[in-house]
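Some notes on the structure that comes next.
Read the figures in this text as sums done on the coordinates, not as results from a lab. All values derive from a computational prediction rather than experimental measurement. With ideal geometry, Cβ positions are generated from the backbone for all residues, glycine too; neighbour counts draw on all protein chains shown.
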Amino acid sequence: MSRWKALLGLALALGGCGSGKGSTAPAAVEPTLASIQQQILTPGCALPSCHSSAAQRGGLVLEAGRSYGQLVGMLAENEAARVRGALRVVAGHPEQSFLIDKLSGPGPDEGSTMPYTGALLPKSQIEAIRQWIQRGAAEQP
């Protein structure tokens, strides 16, 4: 079995990236990194099979204390995005941020919409992330 298939199997067995286990309705997310981390990144992205220190899918770790440095001003790992010079988060410019592309529907050859498995993020959560970026993508409120 290829490494990819093994990782995908593990992701599915663990509930997948963004599975949202145990939640019935999305909680309101404030447009701050602290709120986004607590309500989106930690429970839905920084999972053992996805964007954790162990898995580092896409060369990205979204654990508390590391996500800011991994996102803001950092070149995307995806080859097509890298070729066009896409940054994961461009402070003040959500329309130029690869993170928003990945949550909303990336371009050709830029991978899958995130989260990879499970339900897509509600529009209200993507909007909170968009507003955080628009307001300057501050690390602290």
Please compute the net charge surrounding L60, taking Lys and Arg as +1 and Asp and Glu as -1 over other residues with Cβ under 12 Å from its Cβ. +2
Label zone at Q140 (point 7 Å along Cα-to-Cβ), backbone N below 14 Å, region 26-49: 33-34
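As a test of understanding, state the convex hull volume per residue of region 26-113 from its alpha carbons, in Å³.
Working: hull volume 8.6 nm³, N = 88.
For region 26-113, the hull spanned by Cα atoms encloses 98 Å³ per residue.
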